[in-house]
Amino acid sequence: NAGVTQTPKFQVLKTGQSMTLQCAQDMNHNSMYWYRQDPGMGLRLIYYSASEGTTDKGEVPNGYNVSRLNKREFSLRLESAAPSQTSVYFCASSEAGVTRTEAFFGQGTRLTVV
Amino acid sequence: AQSVTQLGSHVSVSEGALVLLRCNYSSSVPPYLFWYVQYPNQGLQLLLKYTSAATLVKGINGFEAEFKKSETSFHLTKPSAHMSDAAEYFCAVTPTGFQKLVFGTGTRLLVSP
């Protein structure tokens, strides 16, 4: 069972560079999420997609864009990376919203911006 | 805005001792509450969730949590710690009307032999 797969696992960027974090799930889930994890701050929601074709901002969307390419894939793009975006990024998915069904998380992408 | 507060960024116990991780929520109405666990270099895994069906919720790996409305708490307990329980634990809440999780800052559980 693959579950939620994130690529890459590690990345180092220079300030101003752009990159896309990829996420794919094979559980036929409707909802997908992007979180960032920083020490002492828990996980904060960046963007989410309640269903294919829709996306919404979370708590910390500035500096990011997302694309729900199809039901399986939800990508996160950093257009111009900044050191403040150094973090661990997690993608998650759930069948129909996190209150009714469990959210499954990927293993994370550790991003460093220098 | 609804949120959760986890008291203690680190909790240390001996193997076989009681585990108690604290979580308090802020909400005017009982929310949906969750505990997730994160093992080193891994993603998060659901331990248990409260959805108003029962105040005492049992989860995986012998963990349980009790919802106490009068104390606005949802503390996580396990009677006897095992070395494999060493991990970071997150309490989370779903704000009313939203389909998203708001996480606490996490508590790292250290288990010594």
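The values are calculated or read from the model by the stated rules, or taken from the named source; none is laboratory data. Just so it is clear, the model here is predicted, and its values are computed rather than measured. Positions of Cβ are backbone-derived with ideal geometry, glycine not excepted, and every protein chain shown enters the neighbour counts.
Annotations
- Only listed residue being within 11 Å of another protein chain (Cβ to nearest Cβ), surrounded by 16 or more Cβ atoms within 10 Å (Cβ to Cβ) and of a type outside the set (Asp, Glu), chosen from A:Phe74, A:Phe104: A:Phe104
- For region B:75-89, a residue qualifies if it is part of a strand (DSSP E or B) and either modelled with pLDDT under 95 or among the aliphatic types (A, V, I, L, M) (or both), and the qualifying residues are B:Leu76, B:Ala87.
- Restricted to region B:59-73, and to residues there that are in contact with an Asp or Glu (Cβ under 9 Å, 6 or more places away or on another chain) and at pLDDT 95 or above, the residue that is farthest from the other protein chains (Cβ to nearest Cβ) is B:Gly62.
- Test: B:Ser26 is under 26 Å from A:Tyr47 (Cα atoms), polar (S, T, N, Q) and more than 14 Å from every other protein chain (Cβ to nearest Cβ): yes
- Considering the conditions (1) buried (at least 21 other Cβ atoms within 10 Å of the Cβ); (2) at pLDDT below 95; (3) more than 12 Å from A:Arg72 (Cα to Cα); (4) of a type outside the set (Val, Ile, Thr), A:Ala50 is excluded by exactly one of them, (1).
- Among the conditions (1) away from chain B (no Cβ under 14 Å); (2) surrounded by 15 or more Cβ atoms within 10 Å (Cβ to Cβ); (3) in contact with a Ser or Thr (Cβ under 6 Å, 6 or more places away or on another chain); (4) of a type in the set (Asp, Glu), the only one that A:Glu95 does not satisfy is (1).
- All positions within region A:7-37 that are at the interface with another protein chain (Cβ under 9 Å from one of its Cβ atoms) and under 21 Å from A:Ser84 (Cβ atoms): A:Tyr33, A:Tyr35, A:Gln37
- Residue check: A:Gly40 meets all listed conditions (1) within 14 Å of another protein chain (Cβ to nearest Cβ); (2) under 12 Å from the mean Cα position of the chain (by Cα) but one, namely (2).
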